[in-house]
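Here the structure is laid out as structure tokens; the discussion comes afterwards.
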Amino acid sequence: MSISSFNPPRRTLMGPGPSDISPQVLQALSKPTIGHLDPLFVNMMDEVKSLLQYAFQTKNEITMAVSAPGSAGMETCFVNLVEPGDKVIVCINGVFGARMKENVERVGGVAITVDGEWGHAVSPSQLEDTLKQHTDVKFVAFVHAETSTGALSDAQTLCAIAKQYGCLTIVDAVTSLGGVELRVDDWQIDAIYSGSQKCLSCVPGLSPVSFSPAAVDKIKSRTTKVQSWFLDQTLVMDYWANNSGGKRSYHHTAPVNSLYALHESLLHLYREGLETAWERHADQHQALAQGLADLGIEFIVPEAERLPQLNAVYIPEGVDDTAVRSYLLNEFNLEIGAGLGAFAGKAWRIGLMGYSAKSENVLLCLAALKQALNK
């Protein structure tokens with residue numbers, strides 16, 4: 001067997017994730033590994049928690065990074081909160097809303113769906129109509145930024161409606177955290193999860209989550225065991241709890257170096273400032289949108305409902321999806337994403353997330369697409 005060390009090429013990542021990673025974050029990843037219960041590492045975990053509270057705009061004590069990707073963050077929220085028989089309204093306007101429904105059903109909950117049109121935001125009036133019909137619902141779940149379609153829903157309004165009917169909210173912020181306005185406390189979000197590899201521009205494999213005091217009360221008052229041992233927050237809470245004595249309750253071996261990288265990426269976000277980061281993503285989106293219009297490429301999502309950091313566009317008539325994406329990858333080392341679900345073969349998804357949301361990437365993408373389409 002003849003196998004040599006793997007040396008990946010340097011790509012420009014403008015797909016649905018992962019995003020480009022800054023040299024500083026990659027350097028943090030390569031720092032010496034220390035023990036996950038080392039007092040210095042424990043102190044760094046506390047800093048990660050504080051930085052995540054800033055990114056989420058929350059004071060929630062239970063704010064942490066799950067040692068697994070965003071899909072595990074999703075499952076963390078559902079397996080801890082939803083018990084068998086609990087009714088959950090799930091708003092579905094794309095692939096990831098459907099995954100929420102799957103989670104509800106796998107833990108024995110009853111999923112009541114609000115089915116929206118793909119490529120559009122979740123309808124607040126449709127949610128309210130469903131809540132009026134089902135008065136015994138305990139949770140409302142929806143995707144803030146639907147990565148499969150590029151649609152951005154009004155999380156503040158949806159959460160306000162849920163609260164009027166006494167429901168806890170579960171929100172997917174995998175693609176929204178760090179890229180668009182998100183205010184967990186002000187918007188009364190009870191459980192939220194994200195991913196490290198999108199607008200945070202960190203390595204894949206970590207999922208920031210946060211639980212409100214009401215959500216924590218619900219977890220602590222469960223009458224059944226949490227389905228997953230590893231994701232059981234009643235066990236993990238003490239692992240991430242602040243402890244001035246420098247000790248940490250052991251639960252699992254944390255991904256030490258990945259957390260170094262998350263710490264650095266969150267520090268970059270903090271230094272830039274949330275509002276500035278949101279504005280940067282919006283500005284780069286506008287530049288990309290204008291350039292795509294000049295190429296005759298149309299957006300799937302109406303302008304008022306578009307997600308700046310994930311641009312879903314129709315593939316022009318007669319253009320070979322795979323051939324174009326392969327050309328961009330082989331000739332320009334540029335990655336854009338294919339369509340998912342109902343949009344497979346019909347759409348491209350162009351990411352402008354975190355470190356990738358910069359002018360040189362927009363210019364490269366537009367020039368490369370123009371050449372590919374001409375060819």
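Taking only the Cα atoms of the stretch 25-132, the ratio Rg/Rh comes out at 1.10, with Rh defined as the Kirkwood radius. Per residue, the stretch 25-74 exposes 43 Å² of solvent-accessible protein surface, assessed with a 1.4 angstrom probe and all protein chains in place. The slack in the chain from Ile3 to Glu181, taken as 0.36 nm per residue of separation less the alpha-carbon distance, amounts to 59.4 nm.
One chain, two ends: His134 and Leu26. Fully extended at 0.36 nm per residue, the span grows by 34.0 nm beyond their Cα-Cα distance.
Less than 5 angstrom separates the built amide H of Leu310 from those of Leu352, all sequence-distant by 5 or more or on a different chain.
If one puts a single equal scatterer on every Cα of the stretch 121-246 and applies the Debye formula without solvent, what log₁₀ I(q)/I(0) results at q = 0.15, 0.17, 0.22 Å⁻¹? Taking Cα atoms of the stretch 121-246 as identical point scatterers yields -0.81, -1.00, -1.36.
Annotation for Thr157 and Thr253: the two label points, set 7 Å from Cα along the Cα-Cβ direction, are 4.9 nm apart. In the context of the full set of protein chains, residues of the stretch 144-278 present 36 Å² of accessible surface per residue (probe radius 1.4 Å, heavy atoms only).
Rolling a 1.4 angstrom probe over the chain with all protein chains present gives an accessible area of which 50% lies on carbon and sulfur atoms. Separation of the stretch 44-70 from the stretch 328-357 is 29 Å, based on Cα centroids. For Asp217 and Glu279 in the same chain, what is the full-extension length gain: residue separation times 0.36 nm, less their Cα-Cα distance, in nm? This chain segment gains 18.7 nm when fully extended. For Asp86, the residues whose modelled amide H falls within less than 5 Å of its own, excluding neighbours fewer than 5 places apart on the same chain, are Val110. Only Cα pairs under 8 Å and 6+ residues apart enter the sum, and on that basis the relative contact order of the stretch 295-375 stands at 31 percent. For the stretch 260-330, the set of GluC sites (Glu not before Pro) satisfying both a DSSP loop assignment and a count of at most 12 other C-beta atoms within 10 Å is given as Glu298, Glu317. For the peptides 74-83, 109-118, residues were scored by their other Cβ atoms within 10 Å and the scores averaged per peptide; the highest-first order is 74-83, 109-118. Report, to one decimal in Å, the Kirkwood hydrodynamic radius for the chain based on all distinct Cα pairs. It works out to 21.3 Å. Phi-derived couplings, Karplus 6.51 cos²θ - 1.76 cosθ + 1.60 at θ = phi - 60°, listed residue by residue for the stretch 223-228: 9, 10, 5, 4, 4, 9 Hz, with x used for Gly and Pro. Of all lysines in the structure, those lying under 19 Å Cα to Cα from Lys138, and not within fewer than 8 positions of it along the same chain, are Lys87, Lys101, Lys163, Lys218, Lys220, Lys225. For Ile192, the residues whose modelled amide H falls within less than 5 Å of its own, excluding neighbours fewer than 5 places apart on the same chain, are Val171, Ser210.
The values are calculated or read from the model by the stated rules, or taken from the named source; none is laboratory data. None of the values given here were measured: they were computed from a predicted structure. Glycine also receives a Cβ, built like all others from the backbone with ideal geometry; neighbour counts cover every protein chain displayed. Accessible surface areas use protein heavy atoms only, side chains included; no ligands, DNA or RNA. Shrake-Rupley method; radii C 1.70, N 1.55, O 1.52, S 1.80 Å.
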